[in-house]
Every structure is written in structure tokens, then in C-alpha cells.
Amino acid sequence: MWNYECTTYTSGDPTYTSPHIVGMYGEKGNTGDKGDKGDKGDTGANGSNGAPGYSTASINLYQRKDGSAPSAPTGVTYTFSTGTVANIPTGWY
């Protein structure tokens, strides 16, 4: 690729530079070395709070009994902060 400049003065007289090569195409070379890692960007703003979650836990209690089915246990509590189950009736595991 060749390039030259034409400068036109206020008098209307043009001046031309000599044509010169500004680029050329040849065979593709090998891939260069990986560049340095760029600077870390700024930390983004915090997102908005999500919707409240549900405080539920599935607890399986078992009782072995011959004959009719036992009545469901009542008063059983689960404490999320400690992960403990309390008030399990006698005979339930």
C-alpha cells in the first residue's frame, strides 16, 4: 500500500510528498506471546436485597409399631441456628 500527502495552501497552491510504502501484506506469522494481565476493574455496586426466604426444614421421624399406624407426633421443633430437633416423643426416632 502506498501513501502520499497533498497539502493545499490558502493561495490554492498544492504541495505533494513523495509516495512511500505504508504497509504490505505477506505470509501470516506465528501467534505472539500472551500479553500481561490487565489491571483489575473497580468493584461494582451491591445488588438489591432478595425476597425473604422460607424457614422450612424437612424432618423425618420414624416409629416402629405392630398393628395400626401410630398417631403423628406433635410439638416437635427444629432450631435453625443450632440444627437441633427437640421435643421428640418417646418411641419416635
## Note on the structure
Taking the dipole of the chain about the Cα centre (Lys, Arg +1; Asp, Glu -1; charges at Cβ), the one of W92, G53, T15 that reaches farthest to the positive side is W92
### Message
Tell me the label only: which of (i) 16.5; (ii) 13.5; (iii) 24.1 is Kirkwood radius over Cα pairs in Å as calculated from this structure?
### Response
(iii)
### Message
Suppose the chain between T31 and N87 were pulled fully straight at 0.36 nm per residue; how much longer would it get relative to their current alpha carbon spacing?
### Response
13.2 nm
### Summary
A correct Karplus calculation of ³J(HN,Hα) over segment 65-81, with 6.51 cos²θ - 1.76 cosθ + 1.60, θ = phi - 60°, whole Hz and x for Gly and Pro, returns 8, 7, x, 6, 5, x, 6, 5, x, 10, x, 6, 10, 10, 9, 5, 5
### Message
Quick check: pseudo-label points 7 Å beyond the Cα along Cα→Cβ at A69 and N46, how many nm apart are they?
### Response
4.8 nm
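Since every read-out is calculated from the coordinates, none of them should be taken as a lab result. Bear in mind the structure is a predicted one, so any value in this text is a computation, not a measurement. Heads up, the Cβs are rebuilt from the backbone with ideal geometry, glycines too, and the neighbour counts pull from every protein chain shown.
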